[in-house]
Amino acid sequence: MDHRTSDEAELVRRVQAGDEAAFREIVERYQSKVFSIIYGILRSHNDAEDIAQQVFSKVYFSIKNFDFRSSLLTWIYKITVNECYDYLRKRKVRKLVYESEFTEDESQRLKAGEPGRDQAPPIDDVLARRDLALKLLARLPAEERDLLLLKEVEGHSIEELAEMTGINENTIKVKLFRARQKLFKAAQRLARPTPGMAAG
Amino acid sequence: MHELIRERLEELLSGAPQPESGLEQHLVTCTECRDELAAFRQQSALLKTLRCAEALSPAPGFYARVWERIQLQRSASVWNALLDPGFAWRLALGSLAALLLMGAFVAMNEKAPPAPAVTAIVVDEQPQELGLDPERDRDAVLVTLATYRE
Ligand SMILES: [Zn+2]
């Protein structure tokens, strides 16, 4: 699919030419999607409003650089996820310290998730699992992180991803595999108990 | 992970309803692939916790708030540019250069003999000198424009 000929492309060109009504149309078309992405990641309605405003402000100021290689939604999705991670880095909400090692509790979870262990305890703390997912994803390059999110969280198929990003299906598969491996290795590395928490 | 499984990994993780018998057979016999696939399945489940099940929409007036923010950021960026020390330095240098150029121009014009500055423009069959009578000059230009058809 050519992203330069869709009605969406027409809308983008109008915004690039300074048409404010077209920008409003973009905001209204994608605001719900952007809110859902942010809420999925942060689970906070208050922060969602602030970040969504920032997302569309970024869209406004950088749309002149939009090159039609991906769909507009894919581009907005990337900006949104980036803003969420920016927010997490700045606020370190719920004590998510990305540069730090994992907590003992998280190490336990990761060890429990190691392959070959049939008796993995059920992890019912959804919030903690979400934090863990975010923490692991923070260790991936943005492109791989966004692809994994589009596949696993947004539920897009490989064909859809190829169409959305303008990257061919095989390359998408290779990138996804690499991302999954990195995520797995990051989990393994960080799950290894540090000397202070080895006992027990 | 072996090629056979890696190539079909995304399908397997998406819960392909019936993995082909070849794949199934390999997974039964190859511990490495089986374990890695199990780990990737757990990872996939972990990532799915970031899904947002609800359809959300912003509070009314969202666009107006976005637009307000854009205006604020726009004026802030103008001020930032003006207050940027690098910009101030470039502005000072630029002004100095402009002053020097103007000075040099004035000095040269004072020394030079009165130059026929407009003769270069007079290229057609109008021998009269332009620049002496504005009224006549305008007529000359209008005539030129009006006759310029071919
Ligand atoms: Zn194998």
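The values are calculated or read from the model by the stated rules, or taken from the named source; none is laboratory data. These figures come from a predicted structure and were not determined experimentally. All Cβ positions, even for glycine, are placed from backbone atoms using ideal geometry, and neighbour counts span all protein chains on display. Protein only, heavy atoms only, side chains kept; ligands, DNA and RNA dropped before computing areas. Shrake-Rupley method; radii C 1.70, N 1.55, O 1.52, S 1.80 Å.
The figures follow:
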{"read-out": "Only listed residue being open to solvent by 40 Å² or more (accessible area, probe 1.4 Å) and either at the interface with chain A (Cβ under 9 Å from one of its Cβ atoms) or outside any helix (DSSP H, G or I) (or both), chosen from B:45, B:97, B:92, B:64", "value": "B:45"}
{"read-out": "Cross-chain or 6+ apart pairs with Cβ under 6 Å, the range B:60-72 first and closer than 15 Å to residue A:59 by Cβ, then among the small types (Gly, Ala, Ser) and part of a helix (DSSP H, G or I)", "value": "B:69/A:57; B:70/A:57"}
{"read-out": "Scan of the range B:48-61 for residues that are in a loop (DSSP other than H, G, I, E, B) and open to solvent by less than 40 Å² (accessible area, probe 1.4 Å), ordered by number", "value": "B:52, B:56, B:58"}
{"read-out": "Residue list for the range A:129-146, restricted to those being touching a residue at least 24 places away in the same chain (Cβ under 8 Å) and under 22 Å from residue B:54 (Cα atoms)", "value": "A:130, A:131, A:132, A:134, A:146"}
{"read-out": "Any hit, the range B:32-51, residues being over 30 Å from residue A:53 (Cβ atoms) and among the β-branched types (Val, Ile, Thr)", "value": "no"}
{"read-out": "Close pairs (7 angstrom Cβ cut-off, 6 or more residues apart or separate chains): within 29 Å of residue B:10 (Cβ to Cβ) in the range A:180-200, open to solvent by 70 Å² or more (accessible area, probe 1.4 Å) and modelled with pLDDT of 90 or more anywhere", "value": "A:186/A:139"}
{"read-out": "The range B:7-39, residues that are within 13 Å of the ligand (Cβ to nearest atom) and of a type in the set (A, V, I, L, M, F, W, C)", "value": "B:9, B:12, B:23, B:27, B:28, B:30, B:33, B:37, B:38"}
{"read-out": "Residue match in the range B:41-50 (condition: β-branched (Val, Ile, Thr) and under 34 Å from the mean Cα position of the chain (by Cα))", "value": "no"}
{"read-out": "Verdict on residue A:182 being at the interface with another protein chain (Cβ under 10 Å from one of its Cβ atoms) and at pLDDT 95 or above", "value": "no"}
{"read-out": "In the range B:19-39, the residues that are of a type in the set (Asp, Glu) and either open to solvent by 70 Å² or more (accessible area, probe 1.4 Å) or over 20 Å from residue A:180 (Cα atoms) (or both)", "value": "B:20, B:24, B:32"}
{"read-out": "Failed criterion for residue B:69 (all others in (1) at the interface with chain A (Cβ under 7 Å from one of its Cβ atoms); (2) assigned to a loop (DSSP other than H, G, I, E, B) hold)", "value": "(2)"}
{"read-out": "Failed item in (1) under 22 Å from residue A:30 (Cβ atoms); (2) at the interface with another protein chain (Cβ under 7 Å from one of its Cβ atoms), with residue B:53 passing the rest", "value": "(2)"}
{"read-out": "Top-ranked residue of the range A:18-62 - restricted to ones that are at the interface with chain B (Cβ under 7 Å from one of its Cβ atoms), open to solvent by less than 40 Å² (accessible area, probe 1.4 Å) and among the hydroxyl-bearing types (Ser, Thr, Tyr), ranked as farthest from the chain's Cα centre (by Cα)", "value": "A:57"}
